């Protein structure tokens, strides 16, 4: 079902350039070239980008000055001496101040490094938000300026590719009209929601006894744009909002996006950011060919302002029956959960672990423990001790796997990329036989008989047996009698 908001979107088009009227477009392009509008627009956008860049630098300087500023009093002399001269205290860095935007305890985090930052904590956060907003607008203006100047050079060179020029003009219109779709205007918004999820900027003065209109945004979207140097598309924001709504309702959800729309590079890392909490283990599962690529994308996304541990879960059926191996994996995943990290894995690893767990349980359930009674000789007692040690290792490994499964269950969230491949009923199952090997019905004759028949035909056609044929086989006897050759010649 199509989303109403997606269906109501309109594609921006430069006035006068209607793709359905090529002649009018060509005439408008000539007028645009003569007027120099594209070059003037690119120059104006470059000037706007330089202005935003200067304002961004000023906001950064003001933010760091407020974050590390100390009052002029004798009480702070010891703290200033320890921080500036002895290096026993840390300064508030740019990365630390920017990461406080998405912190649920932003003021406490700032006061931890500067306990004398009292009323200026909110000012530091406002400057951090200004840095993200200005830098995003600067990046967008630079991209639009480059496109406008490239369009001017094409027009000056007399390019006759009207279709290409129309596409560039359409893309330029999208750049100039693009908005941050996650910033919403609400009237009389409630003040009860946690500050970790939303920041509000009041629009206009408040009327007496009445809430004014406010602009509400999720700072995690804003900081993700700042880290990735992108502008989130409406479809990407909608998908993340739908997933988060389903997460709050305790339901699963499947969404579809076309190739190149940002599933792996945008939606996956952004959704992992919003789901990761100290009590939630977030696991991303993708096909094995995409494991290295997805891991590199996550490490590149969370290596700057919001560093996160990216842990790879690997498991194989051939692993020895050793509880210590599973406990090492459990310890690594538990540390990743506490650090709000992300686990990446392939479906084969997870299924191998679950099927290995079933194999251990099957081996324990099918074993006759009455045979572990002491024997009549030292040799039999030694064999019983070896079997007892094997059962203890299998039991300990099964118990360790239970703890690992509980780590995923309470609570845990799985993000599956390419879910149609991961859950395909014919391609996603693992052949994992367990138990004793029993011969199938008519074993031996089921494959020996077709080989004998094919061997007889080839012997009759080429007058020599196969290299693997035996003396006195059925095919040689039939060919010697001439019956098979006569039947083949009759058919031909």
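The values are calculated or read from the model by the stated rules, or taken from the named source; none is laboratory data. Not measured: the values here are computed from a predicted model. As a convention, Cβ positions derive from the backbone with ideal geometry for all residues, glycine included, and neighbour counts pool all protein chains shown.
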message: Just to be sure I understand the filter: pairs with C-beta atoms under 7 Å, separated by 6 or more residues or on different chains, first member in region 353-372 and within 23 Å of residue 327 (Cβ to Cβ), second member part of a loop (DSSP other than H, G, I, E, B) and modelled with pLDDT of 85 or more. Which pairs pass?
response: 353/315
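Can you give me the ranges of the helices (runs of 4 or more DSSP H) entirely in region 396-484 with at least 3 residues that are at pLDDT below 70 and surrounded by 10 or more Cβ atoms within 10 Å (Cβ to Cβ)?
The helices (runs of 4 or more DSSP H) meeting that bar are 474-481.
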field: Hits in region 307-320 (condition: assigned to a loop (DSSP other than H, G, I, E, B) and surrounded by fewer than 19 Cβ atoms within 10 Å (Cβ to Cβ))
entry: 307, 309, 314, 316, 317, 318, 319, 320
field: Single match in 85, 45 (criterion: over 24 Å from residue 306 (Cβ atoms) and modelled with pLDDT of 85 or more)
entry: 45
query: Of the residues 172, 232, 155, 222, which is farther than 30 Å from residue 423 by Cα and at pLDDT 85 or above?
result: 222
- request: Would you tally the residues in region 364-382 being outside any helix (DSSP H, G or I) and either exposed (fewer than 10 other Cβ atoms within 10 Å of the Cβ) or modelled with pLDDT of 75 or more (or both)?
  value: 7
- request: Could you tell me which residue of region 61-97 is surrounded by the fewest Cβ atoms within 10 Å (Cβ to Cβ), considering only residues that are in contact (Cβ under 8 Å) with a residue 40 or more places away in the chain and closer than 26 Å to residue 221 by Cα?
  value: 95
- line: Note on region 98-136: residues touching a residue at least 40 places away in the same chain (Cβ under 8 Å), in a helix (DSSP H, G or I) and surrounded by fewer than 17 Cβ atoms within 10 Å (Cβ to Cβ) are 123
query: Are any of the residues in region 353-368 closer than 30 Å to residue 265 by Cβ and in contact with a strand residue (DSSP E or B) (Cβ under 7 Å, 6 or more places away or on another chain)?
result: no
message: Quick check on my filter: what residues within region 284-306 are within 18 Å of residue 346 (Cβ to Cβ) and surrounded by fewer than 14 Cβ atoms within 10 Å (Cβ to Cβ)?
response: 288, 289, 292, 293, 296
